[in-house]
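Peer 1: Sending over a structure as structure tokens; questions will come in a sec.
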Amino acid sequence: MKILVVGSGGREHALAWKLAQSPRMSRIYVAPGNAGTAAEPGCTNVALSSIDELLAFARSERVAFTVVGPEAPLAEGIVDAFRAADQRIFGPSRACARLESSKEFAKAFMQRHGIPTAAYASFDAAASAHDYLERNPGPIVIKADGLAAGKGVVVPATPEEAHAAVEAMLVTGTLGAAGKRVVIEQFLAGEEASFIAMVDGRNVLALATSQDHKRLHDGDRGPNTGGMGAYSPAPVVTPRMHARVMREVIDPVVAGMSAEGSPYTGFLYAGLMIEGERLNVLEFNCRLGDPETQPILFRLKSDLVGLIEAALNGGLDKVEPQWDRRVALAVVLAAAGYPESPRKGDPIEGLAEAGAEDVHVFHAGTAAAGDRIVTSGGRVLAVTALGDNIRIAQRRAYAVADQIRFEGVQMRRDIGHRASGALRRGSAAR
Ligand SMILES: Nc1ncnc2c1ncn2[C@@H]1O[C@H](COP(=O)(O)OP(=O)(O)O)[C@@H](O)[C@H]1O
Ligand SMILES: [Mg+2]
């Protein structure tokens, strides 16, 4: 069986690595992939990116199905195009992907379906946005409506910063079309968690919970990034909270999308803010998270091919995935200059020697240059490890990460700090 994975990051390396372990697999194509997927047993990179090219390739290679990693092709309608051509593909339609590609759509959808989220207002004229800020002096968050690759959210520390963010998005146009409309919402305190499920249009299969680390520096300081590390499970999602997320968030999304004529299929990611008993949705993504995918799939013992096939056949209610009971943790090694302007082309040393049992080095922004591997993107690698508890997983991941060197490498030293705090307090997690 052949499968096509679309994308080039750490998430896609983890997907390809996991799919390649299936006994039914003959070849995983990754389009366009990275230096890690090029070297992964059973995987081959193909230099394609447009939807037309990908569709023609899937047809001519007779791939059994395609899995889409990133949001951009989903928002562009890759799933609609494949379906119209009778090619099997796992992901949401363009209409469903609006849950991620338009923050305003997502907020209005949540309001229509009673899904808990911060109060908000949306604006496309700067004057009314400024006026709203004057009349609502409490802590708020400003979000560009469209896809902005993690750069579209401002949590202002002062009213001046809030007005400046409105001005930058709506007047200067720093985010282009994505910032032509903004959502201003109430600031929520609490702890974040990532809740990702597979959806087949009707049935839901929740994957293991996880938590990301968005800020560049230790202690959750510095600018927001795509994610500097993640681990699974997230202790903040207690069994009770898990049941509530299913009932109050995931099930209403699936029912609401169906009721609105666009049944949801694909991975559905709810970014949650939890404070005690208070549960709110910060955002939806219509795909797996990066780097959450790396620890989640590291814990998945079941064949991912079988789970995706069940989803494609509308049978997610008939499968029960098996999870490794241990903790998995991924530490991201980012390039010099990330996130503002990551430097490319730095040779990466120590990769060949770096390794240990229950540790895998997933690649993200890497490329081959002759017989060397060099940096080629902001997040370069995600070293992922399993351990009987969070501390052991941390120790294993950092021991391997410390063997890898490139100029200006940026790496947080405290990935998993919230879970190790919870370990100290003895909380349960799933
Ligand atoms: N209402 C809010 N209150 C507090 N923090 C928020 C709020 N909305 C977003 N954030 C912070 O900003 C980050 C990015 O926001 P999010 O909605 O996830 O947008 P995106 O991932 O598209 O950039 C979140 O992970 C969270 O840390
Ligand atoms: Mg987010």
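Bear in mind that the values in this text are calculations on the coordinates, not laboratory data. Since we're looking at a predicted model, the values are computed, not measured. Quick reminder, even Gly has a Cβ in these numbers, built from the backbone with ideal geometry, and neighbours come from all protein chains shown.
Peer 1: So how strong a dipole does the range 337-416 carry about its Cα centre when Lys and Arg Cβ are +1 and Asp and Glu Cβ are -1, to the nearest 20 debye?
Peer 2: Numbers: 10 positive and 11 negative charges, 48 e Å.
Approximately 220 debye in magnitude.
Peer 1: Suppose every K and R has +1 on its Cβ and every D and E has -1 on its Cβ; what is the size of the dipole of the range 144-287 about the Cα centre, in Debye to the nearest 20?
Peer 2: Values: 12 positive and 17 negative charges, 64 e Å.
That gives the range 144-287 a dipole magnitude of about 300 debye.
Peer 1: Could I ask something else about it? Per-residue HN-Hα couplings for the range 274-282, Karplus 6.51 cos²θ - 1.76 cosθ + 1.60 at θ = phi - 60°, whole Hz, x for Gly and Pro?
Peer 2: 10, 9, x, 8, 8, 10, 9, 8, 7
Peer 1: Taking amide H atoms as placed 1.01 Å from N in the peptide plane, list the residues 5 or more away in sequence, or in a different chain, whose amide H sits under 5 Å from that of L381.
Peer 2: Counting only residues 5 or more places away or on other chains, the set is L333, A364, G365.
Peer 1: For A84 and A352 in the same chain, what is the full-extension length gain: residue separation times 0.36 nm, less their Cα-Cα distance, in nm? Working shown, then result.
Peer 2: Numbers: separation 268, 0.36 × 268 = 96.48 nm, distance 4.35 nm.
So the extension gain works out to 92.1 nm.
Peer 1: Go through the range 230-318 and name the trypsin sites (Lys or Arg not before Pro) that are in a DSSP coil and have 13 or fewer other Cβ atoms within 10 Å of their Cβ. Before the final figure, lay out the partial values.
Peer 2: Details: sites: R240, R244, R247, R278, R287, R299, K301, K318; in loops: R287, K301.
Taking the range 230-318 and a limit of 13 other Cβ atoms within 10 Å, the loop trypsin sites (Lys or Arg not before Pro) found are K301.
Peer 1: Another question about this same structure. First select every other residue whose beta carbon is under 11 angstrom from the beta carbon of F284; then total the charges, Lys and Arg +1, Asp and Glu -1.
Peer 2: +1
Peer 1: From the Cα gyration tensor of the chain, with a ≥ b ≥ c the square roots of its eigenvalues, which class applies: rounded if a/c is under 1.5, or else prolate if a/b is larger than b/c, or else oblate? Could you put the intermediate results ahead of the total?
Peer 2: Working: a/c = 1.34, a/b = 1.19, b/c = 1.12.
Rounded shape, in that the Cα axes give a/c under 1.5.
Peer 1: Quick one: net charge of Y398's neighbours, Cβ under 12 Å, K/R +1, D/E -1? Present the calculation step by step, with values, prior to reporting the outcome.
Peer 2: Values: positive: R391, R395, R396, R412, R413; negative: D402, D414.
Here the count lands on +3.
Peer 1: What is the dipole size for the range 2-91, taken about its Cα centre, with +1 at each Lys and Arg Cβ and -1 at each Asp and Glu Cβ, in debye to the nearest 20?
Peer 2: Working: 9 positive and 9 negative charges, 89 e Å.
Charge dipole, the range 2-91, about its Cα centre: 420 debye, nearest 20.
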